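Here the structure comes first, spelled out in structure tokens, and everything after it is commentary.
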Amino acid sequence: MRTGLAPTGFTRTGLTRTGLTRTGTTRATAPRRFQRIGPAPAAALLVIALAGCTTAATASVGEKKTIVVGVKADQPGLGLRARNGGFQGFEVDVGAYLARRLGASRVTFKAVTSDDRERKLDDGTVDLVLASYSITAERAQKVTFAGPYYVAHQDIMVRRADQRIRGVRDLAGRRMCEASGSVSSERVTKGLGIAATLVPAPSYGACFQKLVAGEVDAVSTGDLVLAGFAARARGSVRITNTPFTDERYGIGLRRGDIDGCESVNKALTQMYQDGTAARLLRKWFGASGLEVTESVPEYEGCA
């Protein structure tokens, strides 16, 4: 305490001049002494409180007992909001598996979109994101990616009766749906230089509806997304089965959560080794006719 008081000017000489004797302080000096030291504990408590808040906000996902997983709400087979308000799909089941492996006693799900995935991770609304989230260099500047948990391939979905589009080059001059926040359309128009006519939509669910209604000619994105819609379409659409990219679907974590990322990768390895991944892939995409990959993907590494 004496060391802390020294900077305020209370030296031994100063205290003697204001009435300090060998037997103690006088009534005149006592109030001054307590007035000076009173604010210090309050300031210290404020610093401690702020430090505690920072620690809680930046806790690794592997340290949490309740984990909130962000999933899509409109992608059949991957993440779809059910009539009871819950969520179902491959990514929902994978999220539940990972949360249990990380030691969480409770897992909940919240809807995310391609536009708000990064924001909801950053502000703590969700702890993990599994939402057909392709790993890109630009996105990796905003979040930390574990995985990928699956390597899909960008393909094309058209109406079954439409024989004009048989591969990606046939998209030139055709109306192709562009889902908000997705990079799939850029891979066609910018990456491959194919002059498709882009028709915007808020999501791939909306893109699917536009395709069925004849408002667009094609939807192009990862084959798992397309397979989920095709399985529910009852023969009205088809996948051309002409893949032209790799879609490395990653698991988004808060930027900088390296420990959490490494824990998630360990859990993913276990998911493939114990047969859970193969079982879930067949469960959700077996009816689509898509040939799924059941081997462990090569991870990006946590950085």
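Some points to look at:
- The residue pairs whose first member lies in the stretch 105-130 and is touching a residue at least 24 places away in the same chain (Cβ under 8 Å), whose second member is in a strand (DSSP E or B) and open to solvent by 50 Å² or more (accessible area, probe 1.4 Å), and whose beta carbons are closer than 6 Å, counting only pairs six or more residues apart or on different chains, are Arg106/Thr66; Val126/Lys110.
- Here Val188 does not fit the description of being in a strand (DSSP E or B) and over 30 Å from Gly103 (Cα atoms).
- Residue in the stretch 285-298 that is without any contact (Cβ under 8 Å) to a residue 24 or more places away in the chain and either assigned to a strand (DSSP E or B) or of a type in the set (Lys, Arg) (or both) present: no
This table checks each residue for (1) touching a Cys at 6+ places or on another chain (Cβ under 6 Å); (2) under 21 Å from Phe208 (Cβ atoms); (3) among the β-branched types (Val, Ile, Thr).
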residue: Ala59; (1), (2), (3): no, no, no
residue: Lys65; (1), (2), (3): no, no, no
residue: Val71; (1), (2), (3): no, yes, yes
residue: Gly77; (1), (2), (3): no, yes, no
residue: Ala82; (1), (2), (3): no, yes, no
residue: Val92; (1), (2), (3): no, yes, yes
residue: Arg101; (1), (2), (3): no, no, no
residue: Ala104; (1), (2), (3): no, no, no
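- Wholly within the stretch 199-266, strands (runs of 3 or more DSSP E) carrying at least 1 residues that are under 30 Å from Arg101 (Cβ atoms): 219-222, 245-253
- Whichever residue in the stretch 268-301 is in contact with a helix residue (DSSP H, G or I) (Cβ under 6 Å, 6 or more places away or on another chain) and small (Gly, Ala, Ser) and, among such residues, is surrounded by the fewest Cβ atoms within 10 Å (Cβ to Cβ): Ala287
- Among the residues of the stretch 244-258, the ones that are among the hydroxyl-bearing types (Ser, Thr, Tyr) and either touching an Asp or Glu at 6+ places or on another chain (Cβ under 8 Å) or within 15 Å of Leu268 (Cα to Cα) (or both) come to 1 in all.
- Any hit, the stretch 245-257, residues being under 20 Å from Asp162 (Cβ atoms), in contact with a Lys or Arg (Cβ under 8 Å, 6 or more places away or on another chain) and open to solvent by 10 Å² or more (accessible area, probe 1.4 Å): no
Every residue, every condition in (1) under 30 Å from Phe244 (Cα atoms); (2) surrounded by fewer than 22 Cβ atoms within 10 Å (Cβ to Cβ); (3) modelled with pLDDT of 95 or more, yes or no:
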residue	(1), (2), (3)
Ala99	no, no, yes
Asp115	yes, yes, no
Tyr149	yes, no, yes
Ile156	yes, no, yes
Arg164	yes, yes, yes
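- All positions within the stretch 81-115 that are farther than 22 Å from Ala152 by Cα and outside any strand (DSSP E or B): Ala82, Arg83, Asn84, Gly85, Gly86, Ala99, Arg100, Arg101, Leu102, Gly103, Ala104, Ser105
- Annotation note: of Leu253, Leu280, Leu268, Leu290, the sole residue that is within 15 Å of the chain's Cα centre (by Cα) and within 20 Å of Ala131 (Cβ to Cβ) is Leu253.
- Among (1) at pLDDT below 95; (2) at negative phi; (3) not hydroxyl-bearing (Ser, Thr, Tyr), the one test that Arg234 misses: (2)
- Take the conditions (1) open to solvent by 30 Å² or more (accessible area, probe 1.4 Å); (2) modelled with pLDDT of 95 or more; (3) among the hydrophobic types (A, V, I, L, M, F, W, C); Leu130 misses just one of them, which is (1).
- Complete set of residues in the stretch 171-193 that are within 20 Å of Phe229 (Cβ to Cβ) and open to solvent by 20 Å² or more (accessible area, probe 1.4 Å): Arg174, Arg175, Glu178, Ser180, Gly181, Ser182, Val183, Arg187
The values are calculated or read from the model by the stated rules, or taken from the named source; none is laboratory data. Since the structure is predicted, the reported quantities are computational estimates derived from the model, not experimental observations. Please note: Cβ atoms are built from the backbone with ideal geometry, for glycine as well, and neighbour counts cover all protein chains shown. Accessible surface areas use protein heavy atoms only, side chains included; no ligands, DNA or RNA. Shrake-Rupley method; radii C 1.70, N 1.55, O 1.52, S 1.80 Å.
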